[in-house]
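A.B. asks: Can you keep this structure in mind? I'll have questions shortly.
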Amino acid sequence: MKTVIVCKSVSHGNTRKIADVIGEVLGARIVDPGEIDAAELGGYDLVGFASGVRYMEFYPELVEFVRGLPQARGQQAFLFHTSGFPETPLRRYKRDFQALLAQKGFRVLDTFDCYGYDTWAPLMIVGGVRKGRPNAEDLAAARAFAEKLRARVTATS
Ligand SMILES: Cc1cc2nc3c(=O)[nH]c(=O)nc-3n(C[C@H](O)[C@H](O)[C@H](O)COP(=O)(O)O)c2cc1C
């Protein structure tokens, strides 16, 4: 199963830590959105999209990358992100990104998220929040997610 994870991890490499674990389980190549083009992406059986969150949005580089893709025609995909806080009803960035993937013709099989160390400026008064996240438990949960996903993809392809 040829798998790639398109990962934008800017702040502390939190999302990249999750990508490394999931990528190991799936035998995936991990790339920044700037390192792969649409034609190459089309050659993969499974595509992961991964991002941190900034001001209640996934990183714009990843969103713009997906917006620029042609129709994926049912290509299998998954999504994960790290953030300092749970999504609020005010801005459903995960749901919106998932909708964008669906609009682009991806079949999103599953999603994963966990907390990541957050040093958004006002939070630095207290030294940031979610220190040490993702932690060993988060990485174990990411591994379990990837194992479940791997079984599912194998079963459907
Ligand atoms: C400038 C800035 C803005 C952020 N905005 C949000 C936000 O709106 N919601 C949230 O839950 N986390 C927010 N965070 C926390 C990041 O999403 C979190 O640290 C994430 O794990 C970063 O992933 P990365 O290290 O892979 O880039 C923000 C962090 C920074 C530095």
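The values are calculated or read from the model by the stated rules, or taken from the named source; none is laboratory data. Remember, predicted model here, so these are calculated numbers, not experimental data. We place every Cβ from the backbone using ideal geometry, glycine too, and count neighbours over all the protein chains shown. The protein model used for the area step is the full one, side chains on, heavy atoms only, and it has no ligands, DNA or RNA in it. Shrake-Rupley method; radii C 1.70, N 1.55, O 1.52, S 1.80 Å.
A.B. asks: Given a 1.4 angstrom probe, what's the average accessible area per residue across the chain, in square angstrom?
C.D. replies: On the way: 7920 Å² over 157 residues.
On a per-residue basis, 50 Å².
A.B. asks: Toward the positive end of the charge dipole of the chain, about the Cα centre and with charges on Cβ (Lys, Arg +1; Asp, Glu -1), which of Ser11, Leu26, Phe145 goes farthest?
C.D. replies: Among Ser11, Leu26, Phe145, the one farthest towards the positive end of the dipole of the chain is Phe145.
A.B. asks: If you don't mind, another one. Any idea what angle helix 14-26 forms with the longest principal axis of the chain, computed on alpha-carbon atoms, 0 to 90 degrees, nearest 10?
C.D. replies: So the helix axis and the longest Cα principal axis differ by about 30 degrees.
A.B. asks: How big is the accessible area of Leu90 in square angstrom, nearest 10, if you roll a 1.4 angstrom probe over the protein chains?
C.D. replies: Only protein atoms counted, so the area is about 150 Å².
A.B. asks: Give me the extension gain from Leu139 to Ala102: residue separation times 0.36 nm, minus the current Cα-Cα distance, reported in nm with one decimal.
C.D. replies: Details: separation 37, 0.36 × 37 = 13.32 nm, distance 2.71 nm.
So the extension gain works out to 10.6 nm.
A.B. asks: Provide the percentage of antiparallel DSSP beta bridges, counting only those with both residues in the chain; round to the nearest 5.
C.D. replies: Numbers: 4 of 28 bridges.
Taking every DSSP beta bridge with both residues in the chain, the antiparallel ones total about 15 percent.
A.B. asks: Probe radius 1.4 Å, ligands and nucleic acids ignored: give me the carbon and sulfur share of the accessible area of region 3-156 as a rounded percent.
C.D. replies: Values: 3970 of 7610 Å².
Solvent-exposed carbon and sulfur of region 3-156 make up 52 percent of the total.
A.B. asks: Something else about it: What does the charge dipole of the chain about its Cα centre add up to, to the nearest 20 debye, if the Cβ of each Lys and Arg holds +1 and the Cβ of each Asp and Glu holds -1?
C.D. replies: Working: 21 positive and 18 negative charges, 68 e Å.
Taking the Cα centre of the chain as origin, the dipole is about 320 debye.
A.B. asks: So, one more: So which GluC sites (Glu not before Pro) in region 84-157 are both in a DSSP loop and have at most 16 other Cβ atoms within 10 Å of their Cβ? If you can, show how the numbers build up before the last one.
C.D. replies: Values: sites: Glu87, Glu137, Glu147; in loops: Glu87.
In loop regions of region 84-157 (DSSP not H, G, I, E or B), the sparsely surrounded GluC sites (Glu not before Pro) are Glu87.
A.B. asks: Residue by residue through region 38-47, what is 3J(HN,Hα) from phi via Karplus (6.51 cos²θ - 1.76 cosθ + 1.60, θ = phi - 60°)? Round to whole Hz and write x for glycine and proline.
C.D. replies: 4, 4, 5, 4, x, x, 9, 6, 9, 10
A.B. asks: Can you run phi through the Karplus equation (6.51, -1.76, 1.60; θ = phi - 60°) for region 74-81 and list ³J(HN,Hα) in whole Hz, with x for Gly and Pro?
C.D. replies: Coupling constants for region 74-81: x, 4, 6, 8, 8, 9, 8, 8 Hz.
A.B. asks: Can you run phi through the Karplus equation (6.51, -1.76, 1.60; θ = phi - 60°) for region 3-9 and list ³J(HN,Hα) in whole Hz, with x for Gly and Pro?
C.D. replies: Here the 3J(HN,Hα) series is 10, 10, 10, 8, 10, 10, 10 Hz.
A.B. asks: Calculate for the chain the 222 nm mean residue ellipticity that helices alone would give, adding -39,500 (n - 2.57) per DSSP H run of length 4 or more and normalising by residue count, nearest 500 deg cm²/dmol. Could you put the intermediate results ahead of the total?
C.D. replies: On the way: 5 runs with 57 residues, N = 157.
The per-residue figure over the chain is -11000 deg cm²/dmol.
A.B. asks: Are there trypsin sites (Lys or Arg not before Pro) in region 68-157 that DSSP puts in a loop and that have at most 12 other Cβ atoms within 10 Å, and which ones? Each step should come with its number before you reach the end.
C.D. replies: Numbers: sites: Arg73, Arg91, Arg92, Lys94, Arg95, Lys104, Arg107, Arg130, Lys131, Arg143, Lys148, Arg150, Arg152; in loops: Arg73, Arg92, Lys104, Arg130, Lys131.
Hits after loop and neighbour filter: Arg73, Lys131.
A.B. asks: Note down the accessible area of Ser11, probe 1.4 Å, to the nearest 10 Å².
C.D. replies: Here the accessible area works out near 70 Å².
A.B. asks: Could you give the Stokes-Einstein D for region 3-156 in µm² per second, using the C-alpha Kirkwood radius, 25 °C, 0.890 mPa s?
C.D. replies: Numbers: Rh = 15.7 Å.
Rounded, D is 157 µm²/s.
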